[in-house]
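A short write-up of the structure that comes next.
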Amino acid sequence: MAADYEIREVDLLVDHHGHQRHLWCDVHQPRGTARGTVLIAHGFKGYKDYGMFPRLAGVLAEAGWATVRFNFAHSGMTRNHQAFERPDLFALDTWNAQVCDLEHLVGAVRAGALADVDPAAPVVLLGHSRGGLASILAAGRGLPVELVISVAAPADPCRLSEDHRAQLRSGTGVPVQSDRTGQTLLIGPQFLHEITSDPGGHDVLAMAARLGRRLVVVHGLEDRTVGVEDAHAIAERAGITPVLVAGGDHVFNVTNPHPPEDPPSPQLAELETAVLAALGRLDGSDS
């Protein structure tokens, strides 16, 4: 049976301090009138084609939601997902840069430049791990979206050792390894500088409190990358109950790559159910 949506590539340009960067987007467009738009934000060293994202986008599109997978402008990734083709951009990434990208994407949705959706229809940020934290920051700072779905997000914007913080303060980048590609990437000094220059703007828990019931928190109980205590902390400040997935690891037990036509892991299936339920409550329908 053919999918009840089409996928098209849309490449946007976003300005970062006078430099034009690409936002590489894959839009899953439902046939007929879309109920709204979901933007899927990947995590640290992630990308739009990673693991669960293509399948999840398809599931949401089948449910009538225009769904956009994208690479953050400073992710280092292009449309070639075999390697980080722009490690120089990865080294410039910050939370403010990611918030800027999300602001640009929401503006593009509202202007009709991404998906074929009523400009007044709901816009939802669905972020995994670091993408979840960026989504909370963006919406908490005032980005006008109807809902944020945070999946396996950390509660601390700077999970670095004191030694690594000292390196960044000295102007030296911190190397990180990509197990997927074998490349050594760098976290640049501006990452820490922006956090310390504006701690209030990077206070994830304060932003969660501002969002309240506009926030949904989903986390795997067996997540060894970001502990479930982070989900409890974020949800508590928002005044909500987190959705905790039994047996779920950081990527909901999905290998990379995961062909979107393949069945989900039980943990991914539970994540999909939670997301569809949240979207159903948002527009008063049964997802």
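For the stretch 210-247, the set of residues classified as touching a residue at least 60 places away in the same chain (Cβ under 8 Å) and in contact with a Gly (Cβ under 8 Å, 6 or more places away or on another chain) consists of R210, L211, H219, G220, D223, listed by residue number. Within the stretch 6-18, the residues that satisfy the criterion of being open to solvent by less than 40 Å² (accessible area, probe 1.4 Å) and either closer than 18 Å to D118 by Cβ or among the β-branched types (V, I, T) (or both) are V10, V14. Filtered by the rule that a residue be more than 15 Å from V151 (Cβ to Cβ) and among the charged types (D, E, K, R), the stretch 228-254 gives E229, E236, R237.
Quick one: would you say E85 is surrounded by fewer than 19 Cβ atoms within 10 Å (Cβ to Cβ) and part of a helix (DSSP H, G or I)? Criteria not met by E85.
Taking the conditions (1) crowded, with 22+ Cβ neighbours inside 10 Å; (2) in contact with a Lys or Arg (Cβ under 8 Å, 6 or more places away or on another chain) in turn, V99 satisfies each one other than (1).
In this entry, L185 passes the filter for residues that are hydrophobic (A, V, I, L, M, F, W, C), outside any helix (DSSP H, G or I) and over 18 Å from L133 (Cβ atoms). Of the residues making up the stretch 200-228, those that are basic (K, R), in a helix (DSSP H, G or I) and more than 17 Å from the chain's Cα centre (by Cα) number 2. Considered as a group, the residues in the stretch 19-48 that are open to solvent by 60 Å² or more (accessible area, probe 1.4 Å), modelled with pLDDT of 95 or more and of a type outside the set (D, E, K, R) include one that is nearest to A113 (Cα to Cα), and that residue is H22.
What number of residues in the stretch 1-33 are assigned to a strand (DSSP E or B) and closer than 30 Å to F90 by Cβ? Looking only at that region, the number is 21. Of all residues in the stretch 236-256, those being open to solvent by 70 Å² or more (accessible area, probe 1.4 Å), out of contact with any helix residue (DSSP H, G or I) (no Cβ under 8 Å at 6 or more places or on another chain) and part of a loop (DSSP other than H, G, I, E, B) number 1.
Considering the stretch 142-169, the residues that are among the polar types (S, T, N, Q) and touching a strand residue (DSSP E or B) at 6+ places or on another chain (Cβ under 7 Å) include one that is most open to solvent (accessible area, probe 1.4 Å), namely Q167.
So which residues in the stretch 95-126 are closer than 21 Å to E194 by Cα and either over 14 Å from the mean Cα position of the chain (by Cα) or not β-branched (V, I, T) (or both)? Hits for the stretch 95-126 are W95, N96, A97, Q98, C100, D101, L102, E103, H104.
The values are calculated or read from the model by the stated rules, or taken from the named source; none is laboratory data. Being a predicted model, the structure only gives us computed values, none of them experimental. Neighbour counts are summed over all protein chains in view; Cβ atoms, including those assigned to glycine, are modelled from backbone coordinates with ideal geometry. Side chains are part of the model used for accessible areas, which takes the heavy atoms of the whole protein and leaves out ligands, DNA and RNA. Shrake-Rupley method; radii C 1.70, N 1.55, O 1.52, S 1.80 Å.
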